[in-house]
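One structure is given here, and the rest of the page talks about it.
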Amino acid sequence: MAKQKQMQMTENAQALTAAWMAVSPTATKAWMDMISENGRFLTERFQQDLEIQKAMLSCRTPAELMQVQSEFFAKAITQYTDHAARLKAMMSRMVEYAVADAQTGHARGYDDVPV
C-alpha cells in the first residue's frame, strides 16, 4: 500500500514538473536549481551533525563539550545565514527570469491608433 502511494506521488510530481515546463521552462529550471541547492545544503548539514555527535561523545570535560557545542552552533548559524542569502539570490533571479519570459518584446506606439 505504501509503495503504491509512493509511486502515485512520484507520478504526480512528474506530471507537475511537465506542466511547469510547458508554461515556463526557465522558471522550472530555476525552481529545480533551488531544490537541488536545498538538497545539497541539507546533506552537508546532516553530515556535519553526525560529525559533531562524534566530537561531543569524545569530550572528556564539560568545558570541552561547551567549546565543541559553541563552535558547532556558531558555524551552523553562519552556514544557515549564507544558505538563506543564496536562496534569496536564487529567488530574485527566478523572478527576473519569469518577468523576462512574460515580456513579449513588442512595444506599441500609441500614435498609431486611429482616432
Task: When residues of region 37-56 are limited to those that are among the aliphatic types (A, V, I, L, M) and without any contact (Cβ under 8 Å) to a residue 12 or more places away in the chain, the one nearest to A76 (Cα to Cα) - done: L42
Task: Residue that is nearest to I52 (Cα to Cα), among those in region 68-115 that are modelled with pLDDT under 85 and acidic (D, E) - done: E96
Open item on the list: Given the criteria surrounded by fewer than 14 Cβ atoms within 10 Å (Cβ to Cβ), at pLDDT 90 or above and in contact with a helix residue (DSSP H, G or I) (Cβ under 9 Å, 6 or more places away or on another chain), does M56 qualify?
Closed with: yes
TODO: Take region 59-81 and flag every residue that is aliphatic (A, V, I, L, M), loosely packed, with under 11 Cβ neighbours inside 10 Å and closer than 30 Å to M91 by Cβ.
DONE: A74, I77
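The values are calculated or read from the model by the stated rules, or taken from the named source; none is laboratory data. Since we're looking at a predicted model, the values are computed, not measured. Cβ coordinates were reconstructed from backbone atoms using ideal geometry, including for glycine residues, and neighbour counts include every protein chain displayed.
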